[in-house]
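Take a look at the structure set out below.
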Amino acid sequence: MFSEVELARNVVLCPNHFESGQPLHQLILEKVLRGLMDERSCEEHGFFLGITAVKSIGEGKKRYFKNVNDDNDPGIVVTVFLVSFMCRTFLPVRGEIMEGIVDKVFATGVFISSGPLRYAYLSAIKMPRYRYVPASQTEEEPYFLRDDLSRIAVGVVVRFKVLAVRFKQGEERWRDNEFYVLAYLEGNDTLGPVSLAGSEDSLI
């Protein structure tokens, strides 16, 4: 589910930032963008795709930071700006139909990535009428084959439905924030391998 939400973040600038000669507005926006790239996602809004508008940049406030465990640390005075902005987001939700590319194939199922979503798992038991075909001398990679010869293999685009979603909070700040999705193909004839324009490789 795509949305546009209003977010706010504190941007901290050290004295050396002001000596770079770069415009202040540009410095602040770069820090916001870099922070969102590190954060990647949150449980409430999903993946951060991009900033669509800056609503306001607050007045800079001075803050003093010092390492309390180091008596020789003189500390540093930084400037903190509160930035409010609009951000386009994507949150996978139960029942949503998505498309993604098959990354790995196992006898138990396949792993699919879709845009910023890196971990969607489609179990073999959620692929009715498909059977697992292991790698052989004629086929270097394993795949799943349906009775109409539709094939789910590495590199194939698959349309699937979201069965369940789980969010995992990263342990190191937000750097490992991640969503995990369980997918299925049951109950809808439009689900499964997608034929790309001008190619039948994804189907047969």
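Every number here is computed from the coordinates shown, using simple stated rules; none is lab data. Remember, predicted model here, so these are calculated numbers, not experimental data. Neighbour counts are summed over all protein chains in view; Cβ atoms, including those assigned to glycine, are modelled from backbone coordinates with ideal geometry.
Brief remarks follow.
- Residue order for GLU4, GLU59, fewest other beta carbons within 10 angstrom first, comes to GLU59, GLU4.
- DSSP beta bridges confined to the chain are antiparallel in about 95 percent of cases.
- By other beta-carbon atoms within 10 Å, ranking ASP176, ASP103 with the fewest at the front produces ASP176, ASP103.
- Here segment 1-154 was treated as a single set of alpha-carbon atoms; its pair distances binned every 5 Å from 0 give 2, 7, 13, 13, 11, 9, 9, 8, 7, 6, 5, 5, 3, 1, 0 percent.
- Chain lengthening between MET86 and SER3 when straightened (0.36 nm per residue, less Cα-Cα): 28.9 nm
- Estimated from the Cβ-Cβ distance and a Förster radius of 45 angstrom, the FRET efficiency linking ILE125 and GLN26 is about 0.30.
- Each distinct pair of alpha carbons in segment 2-90 adds a 1/r term; the inverse of their mean, the Kirkwood radius, is 14.5 Å.
- Separation in nanometres of the label points that stand 7 Å from Cα toward Cβ, at VAL194 and TYR180: 2.5 nm
- Stretching ASN10 away from ALA107 to a fully extended chain increases their span by 30.2 nm, per 0.36 nm per residue minus the current alpha-carbon distance.
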